[in-house]
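The values are calculated or read from the model by the stated rules, or taken from the named source; none is laboratory data. Predicted model, so just to flag it, every value in this text is computed and none were measured. Every residue, glycine among them, receives a Cβ derived from its backbone with ideal geometry; neighbour counts consider all protein chains shown. Surface areas here come from the heavy atoms of the whole protein model, side chains and all, with no ligands, DNA or RNA. Shrake-Rupley method; radii C 1.70, N 1.55, O 1.52, S 1.80 Å.
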Amino acid sequence: MAAEAGDPWSMCHYALSMYDASSLGGDWQSDYAEAKVWAEKAAERGSPDACWVLGAMAEGGTENSPPDLRKAAEWYKKAGDVPQALQSLAWLMVKGQGGMSRDVEGAVKLFERARSKDPRLEVPSRDQIDQACSGIGGSIMGVDA
């Protein structure tokens, strides 16, 4: 297996397949611990995609550990211009979570940067952003939800 040979891309994609098998159409059991080991190895070898995977894992938590949004934000930042990491970081920024200051305009710039890297990603509308903010109080228009 290429992952065992030390290929960071293969390590990262193996980690992703072990973390979220069902969304990839896999008929195997997800294994969080195995996914984390391989994602960490790939991140150590400089894979920005692996940093995104580790951020997603931290954000999602497990049955045994709660989500760690601060750690997720750290990993997303390390992922650099990985579009999904930019998008995830933007949502944390919208909500002021993970140690991020609440900065909707900065978040919109991140959403736009993510979209420039991957046109399949959407920049959320102001209504969608307001809706995300309503659960935590406030809105981008300055009117409390």
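Things to note:
- For first residues located in the stretch 96-123 and more than 16 Å from residue 72 (Cα to Cα), partners that are among the acidic types (Asp, Glu) and assigned to a helix (DSSP H, G or I) and lie 6+ apart or on another chain with Cβ distances below 8 Å form the pairs 123/112.
- Annotation: residue 138 fulfils all but one of (1) in contact with a helix residue (DSSP H, G or I) (Cβ under 8 Å, 6 or more places away or on another chain); (2) at pLDDT below 95; the unmet one is (1).
- Those residues of the stretch 87-105 which are more than 17 Å from residue 70 (Cβ to Cβ) and at pLDDT below 95, in sequence order: 104, 105
Here is a yes/no grid of residues against (1) of a type outside the set (D, E, K, R); (2) farther than 21 Å from residue 32 by Cα:
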{"residue": "49", "(1), (2)": "no, no"}
{"residue": "99", "(1), (2)": "yes, yes"}
{"residue": "103", "(1), (2)": "no, yes"}
{"residue": "106", "(1), (2)": "yes, yes"}
{"residue": "123", "(1), (2)": "yes, yes"}
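- Scanning the stretch 7-33 for residues that are surrounded by fewer than 15 Cβ atoms within 10 Å (Cβ to Cβ) and either at negative phi or charged (D, E, K, R) (or both) returns 9, 22, 23, 24, 26, 27, 28, 29, 33.
- When the criteria are applied in full, residue 38 meets the requirement of being open to solvent by less than 30 Å² (accessible area, probe 1.4 Å), of a type outside the set (Lys, Arg) and touching a residue at least 12 places away in the same chain (Cβ under 8 Å).
- If you check 121, 110 for being assigned to a loop (DSSP other than H, G, I, E, B) and either in contact with a Pro (Cβ under 6 Å, 6 or more places away or on another chain) or at pLDDT 95 or above (or both), only one passes: 121.
- As for the stretch 66-74, it holds no residue that is in contact with a Pro (Cβ under 9 Å, 6 or more places away or on another chain), at pLDDT 95 or above and within 21 Å of residue 12 (Cβ to Cβ).
- In the stretch 72-94, the residues that are out of contact with any Lys or Arg (no Cβ under 7 Å at 6 or more places or on another chain) and open to solvent by 60 Å² or more (accessible area, probe 1.4 Å): 74, 77, 78, 91
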